[in-house]
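Inspection log for the structure reproduced underneath, given as structure tokens.
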Amino acid sequence: MDTIASLFSFITWPVSWVIVQFHKLYGAVFGPDTGWAWGLSIVSLVVLIRIALIPLFVKQIKATRNMQALQPKMKAIQERYKSDKQRQSEEMMKLYKETGTNPLSSCLPILAQSPFFFALYHVLSNIASGKEIGVLNQDLVNSAREAHIFGAPIASKFMDSPEAVAALGASLTDVRIVTAIMIVLMSASQFFTQRQLMMKNVDLSVKTPYMQQQKMLMYIFPVIFAVMGINFPVGVLVYWLTTNVWTMGQQMYVINQNPTPGSKAQDSYLQRLLKSVTHHGEIRSRRHKAVVKAIVAKGSDRNENERRFIGGLAKAGFAAQADGTVVKSDAAVAEAEGIAAPKRQQPKRQSKAQRQAGGQQAKHDEADEAVVETAEESAGETAQDAAPKTSLEKKPETPAKGGAQAGGRSRASSGNRQRKGQQRPKHPSSKK
């Protein structure tokens, strides 16, 4: 660690100068040799650096969202050219160039902050050794050595020997308790920052390997910080804990005010905006108008959260305009009510016993219909036979023996047809 820190020795002078300027300010309030004066000087250094890095943080957000959106295309390129790594790299670079995405942009804040981190580590190491560095003369070095934060010198480490800690005017127990608490807080803040990013500010409609990588980092980073933290001086732990808390607060602001499209955070944001519109009857903020304008411009490409927001506006009697404003619209209410028409209900499913009973009833109904039809036909034939003969019809002569037999057969056949029509057919369930 000392070797790496020495590589950034060129920046130790500005870092030490900033610390000294803040120390003069806080020393006038808390005393020049107190831990509050030196500890708050380190905290102020972090705040100053993070404010300067806000433009890089904005680029990081844009780069991260672009990488999330490109994951499906990147996966398709990897599968298509899995046997040709060179062509795969060329297609990836082409995709980055077409979309204006830089994969390194997501790491810019960390890379830009690293020189200041190692420079501070180098300054605190020299303070622990009692050596002058940068603009810190011997008097300031001695004052910093005597400064304690909750009983632990700012230059002491968790792994220091009892003799080294005693030389700084403290006990090893106090140093290890303070450093252990700060290491736990540092790791916990890192975990919570990554967790809220994954749980709230990720597009849930796109399942990509990028999400799995982020989940792994959510657990790996805190472990790395915990392992490295035992070799950090208390002053460096103050620096890193402060920057983690700053990152966590910055991330919470971004999640609440500028969420990723398709995420849970966007749904919450749009629901809050919908309540504001229904309450005030208009969109007041310029930033909110820009959000509504972007949603309207998407048209049919809106995600589920955005469609729900437009539908909510319509139900409340508002229509979103292309310039980001809203107007009262009765047509929007009618359209929303039409969209919300009830769906056709499916018939209930019947049990096996109910289906069998229904089938038997249908068979009985068919049999009754057949009996009625047969009876009607037989009645028609009987009425035709019983009709009076006209005067034009010639009376038959007395039939002979054969004629009598034929007439008898005819009457018997008619009687049989009559009886057959009047008989009720057998039940369909009978075997015969």
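Just to be sure before I move on: is THR3 in contact with a helix residue (DSSP H, G or I) (Cβ under 6 Å, 6 or more places away or on another chain) and either modelled with pLDDT of 90 or more or among the β-branched types (Val, Ile, Thr) (or both) in the structure I sent? For THR3, the condition - in contact with a helix residue (DSSP H, G or I) (Cβ under 6 Å, 6 or more places away or on another chain) and either modelled with pLDDT of 90 or more or among the β-branched types (Val, Ile, Thr) (or both) - is not met. Tell me whether segment 179-187 contains one or more residues that are closer than 21 Å to VAL223 by Cβ and either in contact with a strand residue (DSSP E or B) (Cβ under 8 Å, 6 or more places away or on another chain) or not in a helix (DSSP H, G or I) (or both). For segment 179-187, residues closer than 21 Å to VAL223 by Cβ and either in contact with a strand residue (DSSP E or B) (Cβ under 8 Å, 6 or more places away or on another chain) or not in a helix (DSSP H, G or I) (or both): present. Can you confirm whether LEU111 is more than 24 Å from ASP33 (Cβ to Cβ), part of a helix (DSSP H, G or I), assigned by TED's automatic domain parsing to the domain that holds ILE54 and touching a helix residue (DSSP H, G or I) at 6+ places or on another chain (Cβ under 9 Å)? For LEU111, the condition - more than 24 Å from ASP33 (Cβ to Cβ), part of a helix (DSSP H, G or I), assigned by TED's automatic domain parsing to the domain that holds ILE54 and touching a helix residue (DSSP H, G or I) at 6+ places or on another chain (Cβ under 9 Å) - is met. Select from segment 160-173 the residues that are in contact with a Ser or Thr (Cβ under 9 Å, 6 or more places away or on another chain) and assigned to a helix (DSSP H, G or I) and write down the one among them that is farthest from THR34 (Cα to Cα). Filtering first and then ranking leaves PRO162.
Residues that are modelled with pLDDT of 85 or more, touching a Gly at 6+ places or on another chain (Cβ under 9 Å) and charged (D, E, K, R): does segment 319-335 have at least one? Within segment 319-335, one or more residues are modelled with pLDDT of 85 or more, touching a Gly at 6+ places or on another chain (Cβ under 9 Å) and charged (D, E, K, R). Taken over segment 269-327, residues that are among the aromatic types (Phe, Trp, Tyr) and either assigned to a loop (DSSP other than H, G, I, E, B) or in contact with a strand residue (DSSP E or B) (Cβ under 6 Å, 6 or more places away or on another chain) (or both) amount to 1.
Exactly one residue among SER129, SER114 is over 30 Å from LEU70 (Cα atoms) and at pLDDT below 85, and that residue is SER129.
The values are calculated or read from the model by the stated rules, or taken from the named source; none is laboratory data. Keep in mind it's a predicted model, so treat the numbers as computed, not measured. No Cβ is skipped: glycine too gets one built from the backbone with ideal geometry, and neighbour counts run over all protein chains shown.
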